[in-house]
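In what follows, a single structure is set out as structure tokens and then discussed.
What follows is calculated from the coordinates using simple rules that are stated; it is not laboratory data. This structure is a prediction, so every number in the text was calculated from the model and none was measured. Please note: Cβ atoms are built from the backbone with ideal geometry, for glycine as well, and neighbour counts cover all protein chains shown.
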Amino acid sequence: MYWHDLVFLGGSLLTVVALLPTLRDLDARIPLATSIPKFALAVIYAGTFYSLGMTFSAIGLLGTAVMWSLVVRYRSPTGRYLPTGQSEPPVDGTTVAEPSQRLGTDGDRL
């Protein structure tokens, strides 16, 4: 095992942890144009690392691929899996988030 294998594993685990809040947020809507390519890249990279003998990196990227596949299924804007009582995501702009719910709590955009 090379130290590089552990570095890539750590990066993959960080991605898995970073995606947890998105999966837990029932109002999150991630565009398919973002989540599907990320899923595909994770699968391709997992195969590449496995072919290079970097098994831990491959396992970490498979975990990342699983997380992105869950984002595709449950957090896409198609409205298939909406919170209870919500028929479709707001598209007309009538629902406005409170300032504390926007990108930054101090009013700054990220």
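Starting at the first residue of the stretch 56-69, write each ³J(HN,Hα) from the Karplus equation 6.51 cos²θ - 1.76 cosθ + 1.60 with θ = phi - 60°, in whole Hz, x for Gly and Pro.
The phi angles translate into 5, 4, 4, 5, x, 6, 5, x, 5, 4, 4, 4, 5, 5 Hz.
Work out how much length Asp25 to Ser69 would gain on full extension: take 0.36 nm times their residue separation and subtract the Cα-Cα distance, in nm to one decimal.
Roughly 14.3 nm would be gained on extension.
If packing is taken as the mean number of other Cβ atoms within 10 Å per residue, what is the order of 45-57, 13-25, 61-73, highest first?
So the order, starting with the most tightly packed, is 61-73, 45-57, 13-25.
Toward the positive end of the charge dipole of the stretch 3-80, about the Cα centre and with charges on Cβ (Lys, Arg +1; Asp, Glu -1), which of Leu23, Gly53, Gly63 goes farthest?
Towards the positive end, the residue furthest out is Leu23.
What length, rounded to one decimal in nm, is gained on full extension from Val7 through to Thr34, with 0.36 nm per residue of separation minus their alpha-carbon distance?
7.3 nm
Can you compute 3J(HN,Hα) from phi for each residue in the stretch 23-33, using the Karplus curve 6.51 cos²θ - 1.76 cosθ + 1.60 with θ = phi - 60°, rounded to whole Hz and x for Gly and Pro?
Here the 3J(HN,Hα) series is 6, 7, 7, 5, 8, 5, 9, 9, x, 5, 5 Hz.
Output ³J(HN,Hα) for the stretch 38-50: one whole-Hz value per residue in order, computed from phi by the Karplus curve 6.51 cos²θ - 1.76 cosθ + 1.60 with θ = phi - 60°, and x for Gly and Pro.
Going residue by residue, I get 5, 4, 4, 5, 4, 5, 5, 5, 4, x, 5, 5, 5 Hz, with x marking Gly and Pro.
Please work out the FRET efficiency for the pair Ala18 and Ile44, using the Cβ-Cβ distance as r and a Förster radius of 22 Å; give the result to the nearest 0.05.
0.65
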